Amino acid sequence: MRIDTDVVPDYPLSWQARALTGLMWGTVKPVSSLLMRHPLALAGAARLGELGRVVRVPCPEHVALAPAAFSACGGEWVRAGEGLDERKMVLYFHGGGYFSCSPRTHRSITWRLSAAAGRPVLALDYRQGPVHKLADSLADALDAYDCVLRQGYAPEDVVLAGDSAGGHLTLATLLALRDAGRPLPAAAICLSPWADLTDIPRRENRWQDPMLPAGRVRWLARRWTSGLDPWDPLVSPVHGDFTGLPPLMIVTGSTEVLRDEAHRVAARARESGVPVRYEEWPRMPHVFPILADVLPEARQAFRHMARFLKEVATTGSATGDTAAA
């Protein structure tokens, strides 16, 4: 597997994907239109999200969960079975538009990512809106990264990952670490990243996306950037300079309303000399790996992530050997 490449996975579209995207058109997209329309709806959705912190989300028996605590937030360690390399870890940022979801809601991603990476995953329960600001979420991410380094993990043994808003947080964290001259992780994986919070109309896939209404994404971006410079790379990472960042893997669906900005991140990073594996999966919905319980394509995506991380490790080892020689 090459790291720096664009890929359109050539798998036949499963009947599960056809059925699920049709169902989303009639359910998830209308609900999203209602939630991302008024501040009171956001507050209500955030309160409903609090229930996700107490509801037990099932995992396979071989998956071990353990709580984690930080200065301003918490999280959970996820270990998919025995034989993991405990010297390494993945720091994961869940999605949810910066107002909903939690590590519990994203366990179908985190336990599979633990298995794919062969290491434990720390899913961060970072602060979100409407009570908290983007800066609070970023501060929690940076604090968690510092904490794992203090626990003895070497930066080259850490991988950052996240989906949607968590993909945004992944990119912002990398840029903030680089700008501060701090050691960077070995690699990062972004699933359907929300990378552009400027006030732009999203015309690409406006009608094709079965899940996210383009106008509501724009409304949400305006809300979270109120009082901020939306062109600041820590607010809209797609406009950042990616020089010096580690290898990236970006996974998106071809019909997503966020597909264009994911592709722009890949192009921007390559312009700065960063190797990027960009995968655009035909007709897959937003953050489709979270649907791995039902989608064969989603399960295959984790195999691709495993190969990406192995390639990063091999390339890193080869670079280290060369430097040592």
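A few comments on the model shown:
- For the range 236-258, the tally of residues that are aliphatic (A, V, I, L, M) and part of a strand (DSSP E or B) stands at 4.
- Only one of the numbered conditions (1) touching a residue at least 60 places away in the same chain (Cβ under 8 Å); (2) in a helix (DSSP H, G or I); (3) under 22 Å from Thr5 (Cβ atoms) is not met by Thr314, and that is (1).
- Qualifying positions in the range 122-163 - buried (at least 23 other Cβ atoms within 10 Å of the Cβ), among the β-branched types (Val, Ile, Thr) and either over 29 Å from Pro296 (Cα atoms) or within 13 Å of the chain's Cα centre (by Cα) (or both): Val159
- Looking only at the range 157-208, residues that are in contact (Cβ under 8 Å) with a residue 24 or more places away in the chain, farther than 15 Å from Val238 by Cα and not in a strand (DSSP E or B) come to 11 in all.
- Residue in the range 104-115 that is over 26 Å from Trp219 (Cβ atoms), modelled with pLDDT under 95, touching a Gly at 6+ places or on another chain (Cβ under 6 Å) and of a type outside the set (Ser, Thr, Tyr) present: yes
- Picking from residues in the range 222-269 that are hydroxyl-bearing (Ser, Thr, Tyr) and surrounded by 24 or more Cβ atoms within 10 Å (Cβ to Cβ), the one that is nearest to Leu113 (Cα to Cα) is Thr252.
- Residue within the range 268-276 that is closer than 25 Å to Arg218 by Cβ and not small (Gly, Ala, Ser) present: yes
- Check on Val274, over 11 Å from Gly253 (Cα atoms), in a helix (DSSP H, G or I) and at pLDDT 95 or above: no
- Residue-level check: of (1) assigned to a loop (DSSP other than H, G, I, E, B); (2) surrounded by fewer than 24 Cβ atoms within 10 Å (Cβ to Cβ), Pro285 misses just (2).
The values are calculated or read from the model by the stated rules, or taken from the named source; none is laboratory data. Here the structure is a predicted model, which means the values were calculated and not measured. With ideal geometry, Cβ positions are generated from the backbone for all residues, glycine too; neighbour counts draw on all protein chains shown.
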